[in-house]
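A quick write-up on the structure given underneath.
What follows is calculated from the coordinates using simple rules that are stated; it is not laboratory data. Note that this is a predicted model, so its numbers are computed, not measured. Reconstructed Cβ throughout: ideal geometry from the backbone, glycine too, with neighbour counts over all protein chains shown.
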Amino acid sequence: MGSSYTTLRRLRLGKLKIVRRRLLQHYEHQPFISLLAGLYSCRWKRYQRQKTEPGECCCRWRESVFFILLVVAFCLSLVFLYFWGEAKNDYNDFDWYSYKGLGYWFLWSLLILVVVAVLFSYVALLLILAVCLLSEGQQLYLHWCHKGVMLCVMIFFIAALGVLSKLWGEEWAAVRLSFQVTAPYLHIGALAAMTLLSWPVALYFVRMNRKLSQVLILGPYIAVLLVLYFLPLGMYSPCIREKGTLGAKPLLIGHRGSPTLAPENTKMSFEKTIELEADGLETDVTISYDGVPFLMHDTTLKRTTNVNEIFPQFSNMNAALLPWDMLENLNAGKWFIQKPPFSNMGSLSSADQQTATNQSIYKLVDFLRLADRTNKTVIFDLYRPPPDHPHQYTWINQTLDAINEAAIDPKLVLWLSNDLRDEVYSLYPGFQQTQGYKDSIQHLVHNHIVKLNLPYSAMNQQDIRTYAAANITTNLYVVSEPWLFSLAWCSGAHSVTTNSVHSLKRMKEPMFLMTPAEYNLMWILTDGASAFLILLIFVLHWWRERGFSCCPESNEVSDSGLYNTFKTEMDMSVSEDGYGKSVPTTPSARPEIMGSGEIA
């Protein structure tokens with residue numbers, strides 16, 4: 001009897017050891033899941049979590065709602081991050097707009113970029129954790145702290161998109177244009193994400209017992225996947241073209257000189273532009289109270305001069321209402337060192353810093369003489385003086401007098417102002433008449449227009465070609481980012497006005513340039529690889545969930561089989577005389593085997 005009892009006990013202990021070994025094999029990835037669940041739901045211990053059984057949903061309905069909200073928050077943050085990333089070309093415009101409203105200069109564009117990047121990273125990390133937990137078959141329990149922050153993030157991005165769409169709605173044009181060069185690569189990224197997402201989708205699709213649940217899981221996924229597979233059929237990019245059809249590189253016109261290297265609209269700024277071998281110079285012209293044309297973009301002087309120090313009582317006054325003898329005494333360069341206007345400015349040498357701090361307001365006549373000596377074309381926005389200005393009706397004449405005094409070659413002048421255009425053309429037929437908006441070719445030819453000066457948002461390859469056929473060239477402003485310059489190049493623009501002559505000058509060909517054959521090959525290979533991997537993942541999950549083994553000699557069991565085996569073996573280990581205590585069935589409470597062979 002004692003021998004039989006001992007044998008039975010050893011048999012039970014042996015079976016317990018086998019079950020324990022299998023459990024350890026099954027949970028060998030548990031630290032990874034503990035990390036995922038700890039970060040996502042602050043549940044660091046195994047018994048605090050719950051694994052989904054076959055046929056069960058990923059989480060309770062409340063958690064499902066928060067998971068959907070998490071996906072929405074991710075999409076909103078992604079849209080805003082992409083929007084703000086593509087708006088980088090116009091960060092200076094945004095900061096200047098903020099300056100006009102707030103009254104002081106700050107790089108708000110850079111601050112917003114940092115905040116958006118942090119919030120996007122936070123939401124993306126939560127979503128990645130959720131998808132990883134779903135891939136491991138774990139129930140989702142988003143911690144209440146994450147829920148609160150996620151809702152705040154959603155409200156922030158909804159409000160931000162609404163405000164920017166109202167105040168800066170034209171910037172959506174940059175997003176629309178960006179798709180013409182980035183869409184092929186966004187397509188690859190979207191397919192990669194959908195391929196990775198197929199792992200949890202396939203897992204829950206195979207595990208669901210009801211057809212309706214399987215349709216609800218697989219239907220939206222397949223719909224999105226098919227849209228992505230055939231999306232390239234509707235894509236358009238001027239940078240997808242046959243070899244040998246690309247036009248000449250657009251000419252570069254320095255916007256207020258080189259404002260990232262020197263104070264804007266100063267002698268130093270234009271000299272830097274000339275050193276970089278730019279093709280033209282752009283500026284803004286204001287008429288002083290005593291009739292002297294000078295270069296100034298802002299209505300007031302407080303951003304780009306030291307007027308607050310010298311004449312504080314005139315800091316908010318229109319610059320055109322001050323005489324030249326006061327204007328020429330102002331410093332127009334110290335602000336550039338004290339409050340850098342761009343976030344991507346490089347460090348200046350000590351010599352450049354010294355030169356920048358000694359800049360003064362530049363007269364139009366001196367600017368024109370510099371352009372004439374270096375054979376650079378010039379284009380300028382001519383600001384009409386305010387109503388109480390003595391030259392409100394003679395401002396065109398004052399500008400023409402400065403052009404005569406500078407004795408610049410008329411062919412170098414791109415005359416942009418529409419005021420008194422016929423009179424100006426009759427006096428100076430050598431000027432290149434330029435218009436700032438699109439019009440019919442008949443009207444342009446009748447008004448002797450030879451160039452259009454358009455915002456880059458009006459870029460259209462077909463229009464540019466149509467105007468070029470009538471010998472009317474197109475200049476786009478302000479184009480500073482390489483991707484936008486690449487698009488202008490592929491679209492056939494003749495020239496661009498830019499803040500970044502130094503960087504665009506180095507470009508040898510457009511970014512994202514490829515032939516239709518190369519694009520089709522990339523499209524087909526990407527779709528094919530994605531479809532193959534997704535099919536393979538679905539087959540693998542079907543194989544695993546049906547209890548088949550990839551290796552015939554393997555002795556491992558499936559999840560449900562492991563649970564049933566564990567429960568059976570544990571039940572068998574308990575004798576009829578209560579030899580043992582009731583044994584917990586949770587993995588964290590499994591029995592421990594003592595070194596002496598006894599059950600702890």
Tell me, how many Å apart are the Cα centres for region 344-378 and for region 402-465? 25 Å
Only Lys, Arg, Asp and Glu count, each charged at its Cβ (+1, +1, -1, -1), so figure out the dipole size of region 347-502 about its Cα centre, rounded to 20 debye. 340 debye
Please state, to two decimals, what the Cα-based radius of gyration of region 221-301 comes to when divided by 2.2 N^0.38 Å (N = residues). 1.95
Can you list residues whose amide H is under 5 Å from G436's amide H, if they're 5+ apart or on another chain and H is modeled 1.01 Å from N? N453
Compute, for region 273-414, the length of the dipole vector about the Cα centre, with Cβ point charges of +1 (Lys, Arg) and -1 (Asp, Glu) only. Units Debye, rounded to 20. 280 debye
Give, rounded to the nearest 20 debye, the magnitude of the charge dipole that region 428-532 has about its Cα centre when Lys and Arg contribute +1 at Cβ and Asp and Glu contribute -1 at Cβ. 340 debye
Here, chymotrypsin sites (Phe, Trp or Tyr not before Pro) of region 52-127 satisfying both criteria (DSSP loop; at most 10 other Cβ within 10 Å) are Y104
Residue-ordered couplings for region 375-382, obtained by feeding phi - 60° into the Karplus form 6.51 cos²θ - 1.76 cosθ + 1.60 and rounding to whole Hz (Gly and Pro as x), are 6, 10, 5, 10, 9, 9, 7, 9
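Could you compute how fast region 371-525 diffuses translationally, taking Rh as the Kirkwood radius over C-alpha pairs and applying Stokes-Einstein at 20 °C with viscosity 1.002 mPa s? Give it in µm² per second.
Estimated via Stokes-Einstein, D reaches 121 µm²/s.
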Diffing region 222-238: the Karplus 3J(HN,Hα) column from phi (6.51, -1.76, 1.60, θ = phi - 60°), in whole Hz with x for Gly and Pro, holds 5, 4, 5, 5, 5, 4, 5, 5, 9, 4, x, 5, x, 7, 9, 8, x
Check each of the chymotrypsin sites (Phe, Trp or Tyr not before Pro) in region 377-451 and keep only those in coil by DSSP with at most 12 other C-beta atoms within 10 angstrom; list them in order. Y393, Y437
With unit charges on the beta carbons (Lys and Arg positive, Asp and Glu negative) and the dipole taken about the Cα centre of region 255-295, which residue among H255, S269, Y289 sits farthest to the positive side? Y289
Under the Karplus curve 6.51 cos²θ - 1.76 cosθ + 1.60, θ = phi - 60°, whole-Hz ³J(HN,Hα) for region 420-430, x wherever Gly or Pro sits: 6, 4, 5, 5, 5, 5, 5, 7, 10, x, x
Just to confirm the filter: which trypsin sites (Lys or Arg not before Pro) across region 414-490 are DSSP coil and have at most 16 other Cβ within 10 angstrom of their Cβ? K438
If a/c stays under 1.5 just call it rounded; otherwise compare a/b with b/c (prolate if a/b is bigger, oblate if not). Do that for region 54-109, with a ≥ b ≥ c from the square roots of the Cα gyration tensor eigenvalues. prolate
Note the per residue figure in Å³ for the convex hull of the C-alpha positions in region 397-468. 98 Å³
Per residue, how big is the convex hull around the C-alpha atoms of region 140-242? Give it to me in cubic angstrom, could you? 157 Å³
